[in-house]
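A.B. asks: Encoded as structure tokens, here's the structure I'll be asking about.
Since every read-out is calculated from the coordinates, none of them should be taken as a lab result. Everything numeric in this text was worked out from a predicted model, so none of it was measured. Positions of Cβ are generated from backbone atoms using ideal geometry, with glycine treated the same way; all protein chains shown enter the neighbour counts.
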Amino acid sequence: MYRTSLKEAKAPCLPYIGVYLNDLIYAESGTPTVLANGKVNFFKLATISKALSSITHFQKIPYTYPMELKMQQWFTFSMVVMDEELLLQASLRAESD
């Protein structure tokens, strides 16, 4: 159902990348690139090509939203950026709760 909806979606559109990652992982780990008879597995390569083509299709269409100065300022100045050690400690505290 998701794939059908995505085909019918009007641009610009931000597809869920997990669908494509699943396709790529399945193609890469589930099937050999060269078959037992020594021939290239074109089905695998076509599956990979189809996933990558879908991703690049949506990257070609720009979003034309107006610039929001307040949002840019918030992202630039108001967000708290934690270093790796602080993030690890926060993660460990959350796991223990």
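A.B. asks: Calculate the length of the line joining the C-alpha centroid of the stretch 18-40 to that of the stretch 69-97, in whole Å.
C.D. replies: Cα centroid to Cα centroid, the span is 38 Å.
A.B. asks: Here is a follow-up. Only four residue types carry charge here, +1 at the Cβ of Lys and Arg and -1 at the Cβ of Asp and Glu. Report the dipole size of the chain about the Cα centre in Debye, rounded to the nearest 20.
C.D. replies: Working: 9 positive and 9 negative charges, 160 e Å.
Magnitude of the dipole: close to 780 debye.
A.B. asks: What do you get for trypsin sites (Lys or Arg not before Pro) in the stretch 31-67 restricted to DSSP loop and a cutoff of at most 12 other Cβ within 10 Å of the site's Cβ?
C.D. replies: Details: sites: K39, K44, K50, K60; in loops: K39, K60.
Counting only loop positions with at most 12 other Cβ atoms within 10 Å, the trypsin sites (Lys or Arg not before Pro) in the stretch 31-67 are K39, K60.
A.B. asks: Report the local net charge at P15: Lys and Arg +1, Asp and Glu -1, summed over other residues whose C-beta lies under 15 Å from its C-beta.
C.D. replies: Values: positive: R3, K7, K10, K50, K60; negative: E8, D23.
Cβ neighbours under 15 Å give a net charge of +3.
A.B. asks: Next question. Using θ = phi - 60° and the Karplus curve 6.51 cos²θ - 1.76 cosθ + 1.60, what whole-Hz ³J(HN,Hα) does each residue of the stretch 38-54 get, with Gly and Pro shown as x?
C.D. replies: x, 8, 6, 7, 5, 4, 4, 5, 5, 5, 5, 4, 5, 5, 5, 5, 5
A.B. asks: What fraction, in whole percent, of alpha-carbon pairs in the stretch 2-96 exceed 23 Å separation? Please report the intermediate quantities before stating the final value.
C.D. replies: On the way: 2629 of 4465 pairs.
So the portion of pairs separated by more than 23 Å is 59 percent.
A.B. asks: Over 23 Å between Cα atoms: which of K7/K50; K10/K50; K7/K39; K7/K70 fall into that group? Before the final figure, lay out the partial values.
C.D. replies: On the way: K7/K50 13 Å; K10/K50 19 Å; K7/K39 32 Å; K7/K70 35 Å.
Over 23 Å Cα-Cα: K7/K39; K7/K70.
A.B. asks: May I pose another question? Loop-only check: which chymotrypsin sites (Phe, Trp or Tyr not before Pro) in the chain are DSSP coil with at most 12 other Cβ within 10 angstrom?
C.D. replies: Passing sites in the chain are Y16, Y63.
A.B. asks: Return the loop-located GluC sites (Glu not before Pro) in the stretch 44-95 (DSSP other than H, G, I, E, B) with at most 13 other Cβ atoms within 10 Å of their own Cβ; answer none if there are none.
C.D. replies: Numbers: sites: E68, E84, E85, E95; in loops: E68.
The qualifying sites are E68.
A.B. asks: Which cross-chain or sequence-distant (5 or more) residues have an amide H under 5 Å from the amide H of N41, H modelled 1.01 Å from N in plane?
C.D. replies: V34, L35
A.B. asks: State the answer as a single residue: which of N22, Q72, L86 lies farthest towards the positive end of the charge dipole of the chain, with beta carbon charges of +1 for Lys and Arg and -1 for Asp and Glu, about the Cα centre.
C.D. replies: Final value for the positive-end residue is N22.
A.B. asks: If I take every Cα pair under 8 Å that is 6 or more residues apart in the chain, average their sequence separation and divide by the length, what percent do I get for the relative contact order? Numbers along the way, then the final one.
C.D. replies: Values: 35 pairs, mean separation 25.0, N = 97.
Once normalised by length, the contact order is 26 percent.
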